[in-house]
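Below is one structure, written out as structure tokens; the observations come after it.
The values are calculated or read from the model by the stated rules, or taken from the named source; none is laboratory data. Note that this is a predicted model, so its numbers are computed, not measured. When we count neighbours, we look across all protein chains shown, and the Cβ atoms used for this are built from the backbone with ideal geometry, even at glycine. For accessibility, only protein heavy atoms count, side chains too; no ligands or nucleic acids. Shrake-Rupley method; radii C 1.70, N 1.55, O 1.52, S 1.80 Å.
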Amino acid sequence: APQGPTLPIPLSGIRGISVIRGQFLGLFSGVTWVCHWHSRLPRERIQIIYQPLDEPYEHATAKVNRRRDDSPTILEATRRCLQLMKTIPGLRTEEDGANGAPERLEDLHQWVDIQTYHDGPVLRRGAYDPDAWDAFKRRLKSENKEIWFYNIDITGFHPEALRFGYGFGLYAAGATGMIEWAYMTGYRPEAPNRLYEHKLPMAYRYNRTDREPGGPTTAWEMAREGVDDYRYLHTFLQAANGAEERGHRAIATIARTDIKARLAMIDFNGCTGTASQGEWTGAKGRLPTGEAFVSGQFKMRNGLAFRDYTAIRRALADWTIKLRDL
């Protein structure tokens with residue numbers, strides 16, 4: 001069995017080395033190559049997407065090490081790391097947050113395989129321009145690059161945002177992936193109940209305690225529903241393609257037209273600010289006691305009613321069965 005390359009030094013040894021200087025760059029390149037080589041072994045065969053620094057577009061001018069005057073900026077460090085990574089054949093890179101500072105996109109774009117955007121299909125946060133977005137999709141497709149979304153939900157308890165983001169919204173926007181950060185900032189092994197007491201832990205699964213059963217959050221449950229929505233849609237498209245290949249183009253066209261009309265209800269004009277995650281439909285404010293209150297349903301302004309998710313999935317299933325039986 002091939003042994004392959006090994007780490008030049010233990011990973012812990014890289015800490016404290018001056019970033020973007022010769023010694024760091026050599027070690028960084030070596031570590032990246034080792035990880036990539038092992039991920040491509042037949043017994044592993046996993047795809048690793050590499051992101052050297054987080055949100056470099058929005059934090060472009062900040063220093064990597066704020067305590068050092070000679071520290072490079074985050075943009076400079078990200079560019080150099082991406083350049084090194086792209087010397088490794090087959091390695092794929094990702095960077096996020098370009099719509100937080102779209103004027104910085106071209107500073108890194110040539111070395112980035114996957115551009116990951118906040119909120120949804122908006123090239124600048126807070127402004128939805130469907131024509132510009134369509135042009136951007138065509139550009140990235142011509143460059144063999146992808147668009148993903150991230151942090152559509154930043155709470156762990158906004159359910160619709162993740163069902164929409166992993167499902168019909170992802171497809172309608174023309175993106176191919178969704179990722180969520182899960183910090184679990186409230187969790188401490190020595191204080192197991194702390195996660196439940198934290199105001200915004202950004203966790204998607206809670207630990208079991210002597211007082212709580214633990215388990216996935218409502219948002220995580222809906223992320224799985226969104227994945228299923230996407231699978232229903234993908235299965236339907238395969239069935240439509242198969243029906244056309246067998247000579248049943250007319251009914252396949254009717255089915256596609258029906259599903260297209262249902263998905264056309266989706267409206268991305270709400271993908272701005274907190275509205276990209278949802279808003280309470282009823283009154284909200286403070287009680288005389290000073291406690292905050294909300295009412296109604298937590299709903300995205302995305303053109304879909306809650307019942308539409310079920311209706312679209314039902315139509316996809318019915319059409320899939322009909323087309324497969326032809």
- [ ] Might you check whether a residue that is without any contact (Cβ under 8 Å) to a residue 12 or more places away in the chain, in a loop (DSSP other than H, G, I, E, B) and among the small types (Gly, Ala, Ser) occurs anywhere in segment 257-266?
- [x] yes
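Out of the residues in segment 279-317 that are acidic (Asp, Glu) and more than 21 Å from Arg224 (Cα to Cα), which is modelled with the highest pLDDT?
First, pick out the residues of segment 279-317 that are acidic (Asp, Glu): 279, 291, 308.
Still in the running and more than 21 Å from Arg224 (Cα to Cα): 279, 291.
Details: Glu279: 87, Glu291: 93.
Selected residue: Glu291.
Can you find even one residue in segment 161-171 that is out of contact with any Lys or Arg (no Cβ under 6 Å at 6 or more places or on another chain), among the hydrophobic types (A, V, I, L, M, F, W, C) and open to solvent by 60 Å² or more (accessible area, probe 1.4 Å)? Let's see the steps before the verdict.
If we filter segment 161-171 for residues that are out of contact with any Lys or Arg (no Cβ under 6 Å at 6 or more places or on another chain), which is where we start, we get 161-171.
Still in the running and among the hydrophobic types (A, V, I, L, M, F, W, C): 161-162, 164, 168, 170.
This time we only want the ones that are open to solvent by 60 Å² or more (accessible area, probe 1.4 Å), so: none.
No: zero hits.
Looking at segment 267-296 only, could you name the residues that are closer than 22 Å to Ala132 by Cβ, part of a loop (DSSP other than H, G, I, E, B) and in contact (Cβ under 8 Å) with a residue 60 or more places away in the chain? Write out each step before concluding.
Our first condition is that a residue be closer than 22 Å to Ala132 by Cβ; within segment 267-296, this holds for 267-273, 275-276.
Now restrict to residues that are part of a loop (DSSP other than H, G, I, E, B): 267, 271-272.
Cys271, Thr272, listed by residue number.
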- [ ] Collect the residues in segment 243-267 that are under 32 Å from the mean Cα position of the chain (by Cα) and hydrophobic (A, V, I, L, M, F, W, C), keeping them in residue-number order.
- [x] Ala252, Ala255, Ile259, Ala261, Leu263, Ala264, Met265, Ile266
Task: Residue among Gly270, Gly278 that alone is under 28 Å from the mean Cα position of the chain (by Cα), small (Gly, Ala, Ser) and closer than 18 Å to Gly174 by Cα - done: Gly270
Open item on the list: For Trp280, only one of the following conditions fails: (1) of a type in the set (Phe, Trp, Tyr); (2) open to solvent by 70 Å² or more (accessible area, probe 1.4 Å); (3) farther than 24 Å from Val122 by Cβ. What is its number?
Closed with: (3)
Open item on the list: Please go through (1) in contact with a His (Cβ under 7 Å, 6 or more places away or on another chain); (2) within 30 Å of Trp280 (Cβ to Cβ) for Asp153 and return the number of the only condition it doesn't satisfy.
Closed with: (1)
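So which residues in segment 297-315 are touching a residue at least 12 places away in the same chain (Cβ under 8 Å) and among the β-branched types (Val, Ile, Thr), if there are any at all? Walk me through how you get there before you give the answer.
To start, the set of residues in segment 297-315 that are touching a residue at least 12 places away in the same chain (Cβ under 8 Å) comprises 297-304, 306, 308-309, 311-313, 315.
The one that is touching a residue at least 12 places away in the same chain (Cβ under 8 Å) and among the β-branched types (Val, Ile, Thr): Ile312.
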TODO: Identify all residues within segment 86-104 that are in contact with a strand residue (DSSP E or B) (Cβ under 8 Å, 6 or more places away or on another chain), open to solvent by 10 Å² or more (accessible area, probe 1.4 Å) and of a type in the set (A, V, I, L, M); write none if there are none.
DONE: none
Task: Per-region count, segment 200-249, residues in contact (Cβ under 8 Å) with a residue 24 or more places away in the chain, of a type in the set (D, E, K, R) and assigned to a loop (DSSP other than H, G, I, E, B) - done: 1
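So that you can scan it fast, the table gives a plain yes or no per residue for (1) closer than 20 Å to Asp54 by Cβ; (2) of a type in the set (Phe, Trp, Tyr); (3) modelled with pLDDT of 95 or more; (4) open to solvent by 30 Å² or more (accessible area, probe 1.4 Å):
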| position | (1), (2), (3), (4) |
| --- | --- |
| Glu106 | yes, no, yes, yes |
| His109 | yes, no, yes, no |
| Ile114 | yes, no, yes, no |
| Asp119 | yes, no, no, no |
| Asp131 | no, no, yes, yes |
| Asp134 | no, no, yes, yes |
| Leu140 | no, no, yes, no |
TODO: Tell me which residues, restricted to segment 35-71, are open to solvent by less than 30 Å² (accessible area, probe 1.4 Å) and either of a type in the set (S, T, N, Q) or at pLDDT below 85 (or both).
DONE: Ser39, Leu41, Ser71
Open item on the list: Looking only at segment 174-192, how many residues end up being of a type outside the set (Ser, Thr, Tyr) and either open to solvent by 80 Å² or more (accessible area, probe 1.4 Å) or farther than 12 Å from Tyr117 by Cα (or both)?
Closed with: 10
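Could you check how many residues of segment 307-323 are of a type in the set (Asp, Glu) and farther than 16 Å from Met222 by Cα? Explain how you work it out, then say what you get.
Step one: filter segment 307-323 for residues of a type in the set (Asp, Glu), giving 308, 318.
If we keep only those that are farther than 16 Å from Met222 by Cα as well, we get 318.
Adding up the residues that qualify gives 1.
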Open item on the list: I need the full set of residues from segment 198-234 which are surrounded by 15 or more Cβ atoms within 10 Å (Cβ to Cβ) and hydroxyl-bearing (Ser, Thr, Tyr), in order please.
Closed with: Tyr204, Tyr206, Thr217, Thr218, Tyr230, Tyr232
Open item on the list: Considering only segment 242-258, I want to know if a residue exists there that is β-branched (Val, Ile, Thr), open to solvent by 70 Å² or more (accessible area, probe 1.4 Å) and within 17 Å of Phe149 (Cβ to Cβ).
Closed with: no
